[in-house]
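Working notes, beginning with the structure itself.
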Amino acid sequence: MRLLDLLHRDPEPRPWAEGEKIPWDDPDFSRRMLKEHLSQRHDAASRRTPLIKKHVAWIHEHLLGGQPSRVLDLGCGPGLYSARLATLGHACRGIDFAPASIEYAVKHAPEACSYTLGDLRTTDFGSGYGLAMLIFGEFNVFKPADARLILRKAFEALDPGGKLLLEVSTIDALYESGNQPATWYTAKNELFADAPHLCLMESFWDDEQHVATERYYIVDLTSGEVTRYASSSQAYEREEFVAMGRQAGFREVTFYPSLTGSASTPDGMIVIVMQK
Ligand SMILES: C[S@@+](CC[C@H](N)C(=O)[O-])C[C@H]1O[C@@H](n2cnc3c(N)ncnc32)[C@H](O)[C@@H]1O
């Protein structure tokens, strides 16, 4: 794209029409994103270590009753949860389509951990798990049909009585993110490019479909070349989560305020546990 093309951009892009999500699976983007996952300055791509430790303790004690289990970590990123669960005695498998994250996870994996580079929509989940989990809001970013597919695949992969843990964005958080004013920044070398660039960001809220969309134009400041990315997130009512869980075969759907069990949810997420 060229700069002039910005003039003709769609003023209200339809959800997912201009891209499904940020390019996690692009090797260069993934290399840059890995730095953000590991950063201890913010909780943007993964949470910082002290919070992850609290989450893992809650999962281990509260969901797994402190008993060794087989855990499937969907969208595992660099394996920051599964590696810790493995040191507590659980056998873990992580799946993610971000190459640098999987490379890091494999390199730092305790013995009881394995990782697969693959898309959750098409990769075989295997079977025999006591817990499957999809942490940090990614469930909402899938188109509803893909989200339903992942629920069905997770259901099939679990043992009877097994649990699916979803950490999802709340409607309020997505409504707020979709109603942010347009903004921009410049950077020498950051998440979206290795070279000096300008990032123009716009947010949209689709009031009919309850979808928040973020659109990014990355302008290479040397060549003027423009690259567009977009990411949409579906907001769900609690009853919709319950209906989707039941449709996938789960018999019980329980909500928790957070992954630490505490009632404060500063990052706009809630936790759902679906039991087979
Ligand atoms: C917000 S990050 C969370 C990572 C990890 N769960 C954590 O909390 O540290 C979302 C992850 O989902 C992965 N992801 C998104 N869509 C995916 C897909 N279709 N298949 C596999 N992984 C995917 C991304 O690559 C990324 O690592």
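Just to verify a result, which residue in region 55-101, among those that are assigned to a loop (DSSP other than H, G, I, E, B) and among the aromatic types (F, W, Y), is least open to solvent (accessible area, probe 1.4 Å)?
We begin by selecting, within region 55-101, every residue assigned to a loop (DSSP other than H, G, I, E, B); these are 64-69, 75-81, 88-90, 97-98.
Now restrict to residues that are among the aromatic types (F, W, Y): 81, 97.
Values: Y81: 19, F97: 51 Å².
Once the filter is applied, the top-ranked residue is Y81.
What residue, among those in region 56-100 that are among the aromatic types (F, W, Y) and within 9 Å of the ligand (Cβ to nearest atom), is nearest to G128 (Cα to Cα)?
If we filter region 56-100 for residues that are among the aromatic types (F, W, Y), which is where we start, we get 58, 81, 97.
Now drop any that are not within 9 Å of the ligand (Cβ to nearest atom), which leaves 81, 97.
Details: Y81: 19, F97: 22 Å.
Looking at residues that are among the aromatic types (F, W, Y) and within 9 Å of the ligand (Cβ to nearest atom), I get Y81.
Which of the residues spanning region 241-261 are over 14 Å from L166 (Cα atoms) and open to solvent by 50 Å² or more (accessible area, probe 1.4 Å)?
Those that are over 14 Å from L166 (Cα atoms) and open to solvent by 50 Å² or more (accessible area, probe 1.4 Å): A243, R246, Q247, R251.
Name the pairs: first residue in region 179-204 and closer than 18 Å to E18 by Cβ, second residue open to solvent by less than 40 Å² (accessible area, probe 1.4 Å) and part of a loop (DSSP other than H, G, I, E, B), Cβ to Cβ under 6 Å, at least 6 apart or on different chains?
Within 6 Å, the pairs are C199/F192.
Mind counting the residues in region 112-121 that are over 11 Å from I150 (Cβ atoms) and open to solvent by 30 Å² or more (accessible area, probe 1.4 Å)?
Filtering region 112-121 down to residues over 11 Å from I150 (Cβ atoms) leaves 112-118.
Imposing the further condition that a residue be open to solvent by 30 Å² or more (accessible area, probe 1.4 Å) reduces the set to 112, 114-117.
The number of residues fulfilling the criteria is 5.
Given the structure, is G75 touching a Ser or Thr at 6+ places or on another chain (Cβ under 7 Å), within 24 Å of E252 (Cβ to Cβ) and small (G, A, S)? Full working, then the answer.
Details: touching a Ser or Thr at 6+ places or on another chain (Cβ under 7 Å): no; within 24 Å of E252 (Cβ to Cβ): yes; small (G, A, S): yes.
So G75 does not fit the description; no.
Evaluate the following for S46: is it of a type in the set (S, T, N, Q) and either surrounded by fewer than 16 Cβ atoms within 10 Å (Cβ to Cβ) or not in a loop (DSSP other than H, G, I, E, B) (or both)? Working first, answer last.
Values: of a type in the set (S, T, N, Q): yes; either surrounded by fewer than 16 Cβ atoms within 10 Å (Cβ to Cβ) or not in a loop (DSSP other than H, G, I, E, B) (or both): no.
In short, no.
Cβ-Cβ below 6 Å, separation at least six or inter-chain, first residue in region 156-170 and in a loop (DSSP other than H, G, I, E, B), second of a type in the set (G, A, S): which pairs?
T170/G268
Could you tell me whether S46 is within 15 Å of the chain's Cα centre (by Cα) and small (G, A, S)? Reasoning before the result, please.
Working: within 15 Å of the chain's Cα centre (by Cα): yes; small (G, A, S): yes.
Yes: the conditions hold for S46.
Cβ-Cβ below 6 Å, separation at least six or inter-chain, first residue in region 118-143 and more than 25 Å from E18 (Cα to Cα) and in the same structural domain as L74 (by TED's automatic domain parsing), second in a helix (DSSP H, G or I) and open to solvent by 20 Å² or more (accessible area, probe 1.4 Å): which pairs?
F125/K153
Would you mention how many residues in region 171-192 are outside any loop (DSSP other than H, G, I, E, B), modelled with pLDDT of 95 or more and open to solvent by 20 Å² or more (accessible area, probe 1.4 Å)?
The first filter runs over region 171-192 and keeps only residues outside any loop (DSSP other than H, G, I, E, B), leaving 171-178, 183-187, 190.
Applying the additional criterion that residues be modelled with pLDDT of 95 or more yields 171-178, 183-187.
Going one step further and asking which of them are open to solvent by 20 Å² or more (accessible area, probe 1.4 Å), we end up with 171-173, 175-177, 183-186.
Number satisfying all stated conditions: 10.
Name the residues in region 211-254 that are in contact (Cβ under 8 Å) with a residue 40 or more places away in the chain, among the acidic types (D, E) and either assigned to a helix (DSSP H, G or I) or farther than 18 Å from F139 by Cβ (or both), would you?
Across region 211-254, the qualifying residue is only E225.
State all residues of region 161-170 that are surrounded by fewer than 19 Cβ atoms within 10 Å (Cβ to Cβ) and within 18 Å of the chain's Cα centre (by Cα); if no residue qualifies, say none. Don't jump to the end; show me each part of the working.
Here is the first cut: in region 161-170, the ones surrounded by fewer than 19 Cβ atoms within 10 Å (Cβ to Cβ) are 161, 170.
Hit for region 161-170 is T170, nothing else.
What are the pairs with Cβ atoms under 9 angstrom where one residue, in region 19-35, is open to solvent by less than 80 Å² (accessible area, probe 1.4 Å) and the other, located anywhere, is more than 10 Å from the ligand (Cβ to nearest atom) and among the basic types (K, R)? Sequence gap at least six, or different chains.
What qualifies is G19/R215; G19/R228; E20/K143.
With outside the structural domain of L166 (by TED's automatic domain parsing), more than 9 Å from the ligand (Cβ to nearest atom) and more than 27 Å from P160 (Cβ to Cβ) as the only criterion, which of R48, R31 stands out? Break it down into steps so the answer makes sense when it comes.
Values: R48 fails: outside the structural domain of L166 (by TED's automatic domain parsing).
Result of the check over R48, R31: R31.
When region 101-149 is examined, which residues are found to be within 12 Å of the ligand (Cβ to nearest atom) and among the basic types (K, R)?
The answer is R121, K143.
Determine, yes or no, whether A109 is part of a loop (DSSP other than H, G, I, E, B), under 30 Å from Q209 (Cα atoms) and free of Cβ contacts under 8 Å to residues at least 60 places away in the same chain.
Working: part of a loop (DSSP other than H, G, I, E, B): yes; under 30 Å from Q209 (Cα atoms): no; free of Cβ contacts under 8 Å to residues at least 60 places away in the same chain: yes.
No.
The values are calculated or read from the model by the stated rules, or taken from the named source; none is laboratory data. Just so it is clear, the structure is predicted and the values come from calculations on it, not from any experiment. Every residue, glycine as well, gets a Cβ built from its backbone with ideal geometry; the counts of neighbours run over all protein chains shown. Please note that ligands, DNA and RNA were not included when accessible areas were found on the heavy atoms of the full protein model with its side chains. Shrake-Rupley method; radii C 1.70, N 1.55, O 1.52, S 1.80 Å.
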